[in-house]
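Participant: Below you will find the structure I want to go over with you.
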Amino acid sequence: MGESAAVETNGAAGAAEPRSSTDDESTADDHVQLVLPALPQFAPIARVALASLALRQGFDYSEVEDLRLAVDEGMVLLLGVADRRGQVRLDVSLAPERVEVVLTGEFEGAVEAWAVERFYRLAGDLVDHHEIDPDELTVEFVISHS
């Protein structure tokens with residue numbers, strides 16, 4: 001116990017309402033950051049948050065499911081099967097036509113080869129672009145809205 005999660009929206013801490021893609025100020029991408037304990041049981045929070053954000057952007061069911069699977073596999077890639085001491089940062093940039101995601105492990109440890117292979121096999125074809133940096137503990141991917 002004692003673990004906590006934090007959310008930041010457009011640079012302001014707290015539960016600020018994300019702007020709709022029809023707001024006057026929506027010419028720039030919206031940015032949401034979620035910081036979670038580096039424990040596998042917190043991965044579903046990242047998945048649900050990303051799905052909710054994509055739905056608000058008008059992504060269809062299939063696109064949302066692709067995002068959910070990609071973020072889930074990104075969490076598996078970073079965390080493996082072990083509990084880590086630290087946190088995982090989920091940075092999401094939202095635009096009407098795409099969602100860009102960066103998962104960053106902020107803990108000691110290494111990405112395991114089986115987890116990288118699993119990400120490529122299960123999520124690689126679901127996203128438009130992906131990049132994994134095992135040394136920096138980052139997973140980046142983009143899904144465009146059709």
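Since every read-out is calculated from the coordinates, none of them should be taken as a lab result. Computed from a predicted model, the values in this text were never measured in an experiment. With ideal geometry, Cβ positions are generated from the backbone for all residues, glycine too; neighbour counts draw on all protein chains shown.
Participant: Over all Cα pairs of region 30-144, how is the pair count split among 10 Å bins, expressed in % and running from 0 up to the last occupied bin?
Facilitator: All Cα pairs considered, the percentages come to 15, 52, 29, 4.
Participant: Let me ask something additional. So the label point goes 7 Å from the Cα of residue 116 along Cα→C-beta, right? Which residues of region 76-102 then have their backbone N under 14 Å from it?
Facilitator: In region 76-102, the label zone of residue 116 (backbone N under 14 Å from the point 7 Å along Cα→Cβ) covers 77-78.
Participant: Could you give the nm distance between label points at residue 52 and residue 29, where each point is 7 Å from its Cα heading toward the beta carbon?
Facilitator: Label-label distance for residue 52 and residue 29, simple model: 2.2 nm.
Participant: Then there's this: Cβ under 13 Å from residue 46's Cβ, residue 46 left aside: what net charge do those residues give with Lys, Arg +1 and Asp, Glu -1?
Facilitator: Summing Lys/Arg as +1 and Asp/Glu as -1 gives 0.
Participant: To the nearest 0.05, how large is the calculated FRET efficiency for residue 62 and residue 133 if R₀ is 25 Å and r is the Cβ-Cβ distance?
Facilitator: My answer for the efficiency is 0.35.
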